[in-house]
Amino acid sequence: MIHIYTGNGKGKTTAGIGLAVRAAGSGLKVFIGQFLKKNDCGELKILRSIKNITIEQFGLDCQIKKQFTERDKLKAEQSLLKIEGIIVGGKYDVIILDEIIVCVALGLLKKDRIIKIMKSYPAKIELIMTGRNACQSIIKYADLVSEVKERKHYFQKGLIARKGIEF
Ligand code: ATP
Ligand code: MG
């Protein structure tokens, strides 16, 4: 099954991580690929210490929402190639691609490439993709789409992202 966790509210990445922990705890093999991230976010070390979870970051030189370069684009494409290898490799039961939807929304990855993966995706593997601004054409090929809607957020009060809570 293919899941998409999108929307402008808080909880997309943490939902993916929660599913990873649940799946690993049930004996499933999990791969987590974090696009656009190359920092020591709170989940990184603890997830690495969990048997059955492999996590890799595909961070770019650019930061989220900032101007990206051709090199960033190439790196995102190379990361996707690696993901395709992991999918066909058949070693994992659950594959989580955090912020991959944002890469499409920013123009770093072509939506047609993602749709191609979704169309040929092996049914026995669970695929979870997260990130705000999922486009309709990608949503069309998903089996589950959860949209987290922001009703209130303390960022509106000027609070900045906090280690351990937002990253
Ligand atoms: P979580 O990781 O807590 O589950 P999420 O994955 O739903 O949240 P994203 O949309 O991926 O959240 O946002 C990633 C990060 O971008 C946030 O943790 C925060 O640091 C920053 N961010 C998101 N929305 C805002 C905002 N309105 N103002 C400032 N920073 C924001
Ligand atoms: Mg996120």
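The values are calculated or read from the model by the stated rules, or taken from the named source; none is laboratory data. Bear in mind that the values here come from a model prediction, so they are computed numbers and not experimental data. Note that we place each Cβ from the backbone using ideal geometry, even for glycine, and neighbour counts take in every protein chain shown.
Figure legend. Inter-residue proximity from region 121-133: first residues outside any loop (DSSP other than H, G, I, E, B), second residues more than 16 Å from ligand 1 (Cβ to nearest atom), beta-carbon distance below 6 Å, spacing 6+ or different chains. Indicated pairs: Glu126/Met1; Glu126/Val94; Leu127/Ile2; Leu127/Ile95; Leu127/Tyr121.
Scanning region 65-96 for residues that are part of a loop (DSSP other than H, G, I, E, B), under 13 Å from Phe31 (Cα atoms) and not acidic (Asp, Glu) yields Gly90, Lys91, Tyr92.
Checked against (1) modelled with pLDDT of 95 or more; (2) within 16 Å of ligand 1 (Cβ to nearest atom); (3) of a type outside the set (D, E, K, R); (4) within 28 Å of Leu74 (Cβ to Cβ), Ile139 passes all but a single condition, namely (2). Cβ-Cβ distances below 9 Å connect the following pairs, each with a first residue in region 151-167 that is at positive phi, a second residue that is of a type outside the set (A, V, I, L, M), and a separation of six or more residues or different chains: Gly164/Gly42.
When only residues in region 151-167 that are under 23 Å from the mean Cα position of the chain (by Cα) and aromatic (Phe, Trp, Tyr) count, which is nearest to Cys41 (Cα to Cα)? Reasoning before the result, please.
As a first pass, look at region 151-167 and keep what is under 23 Å from the mean Cα position of the chain (by Cα): 151, 153, 155, 160-167.
Going one step further and asking which of them are aromatic (Phe, Trp, Tyr), we end up with 155, 167.
On the way: Phe155: 19, Phe167: 5 Å.
Filtering first and then ranking leaves Phe167.
With respect to the conditions (1) under 28 Å from Asn52 (Cα atoms); (2) crowded, with 22+ Cβ neighbours inside 10 Å; (3) without any contact (Cβ under 8 Å) to a residue 40 or more places away in the chain, Glu99 falls short on a single one, namely (3).
From the list Ile138, Ile125, Ile160, Ile117, the one residue that fits, being within 20 Å of Gly7 (Cα to Cα), surrounded by 13 or more Cβ atoms within 10 Å (Cβ to Cβ) and β-branched (Val, Ile, Thr), is Ile138. When Gly9 is tested against (1) surrounded by 20 or more Cβ atoms within 10 Å (Cβ to Cβ); (2) over 27 Å from Gln78 (Cβ atoms), exactly one condition is not met: (1).
Condition (residue is in contact (Cβ under 8 Å) with a residue 60 or more places away in the chain, away from ligand 1 (no atom under 16 Å from the Cβ), more than 30 Å from Gln156 (Cα to Cα) and hydrophobic (A, V, I, L, M, F, W, C)) applied to region 83-95: is it met by at least one residue?
Within region 83-95, the first condition is being in contact (Cβ under 8 Å) with a residue 60 or more places away in the chain, and the residues that meet it are 91-95.
Next, from what is left, pick out any that are away from ligand 1 (no atom under 16 Å from the Cβ): 91-95.
Then keep just the ones that are more than 30 Å from Gln156 (Cα to Cα); that gives 91-95.
When the remaining residues are screened for being hydrophobic (A, V, I, L, M, F, W, C), the result is 94-95.
Yes, the conditions are met somewhere in region 83-95.
Taking region 35-51, which residues are out of contact with any helix residue (DSSP H, G or I) (no Cβ under 8 Å at 6 or more places or on another chain) and not charged (D, E, K, R)?
Asn39, Cys41, Gly42, Leu44, Ile46, Ser49
Of the residues making up region 112-136, those that are among the charged types (D, E, K, R) and away from ligand 1 (no atom under 14 Å from the Cβ) are Asp112, Arg113, Lys116, Lys119, Lys124, Glu126. If you go through region 70-80 one residue at a time, how many are exposed (fewer than 12 other Cβ atoms within 10 Å of the Cβ) and closer than 11 Å to Phe58 by Cβ? Of the residues in that region, 1 qualify.
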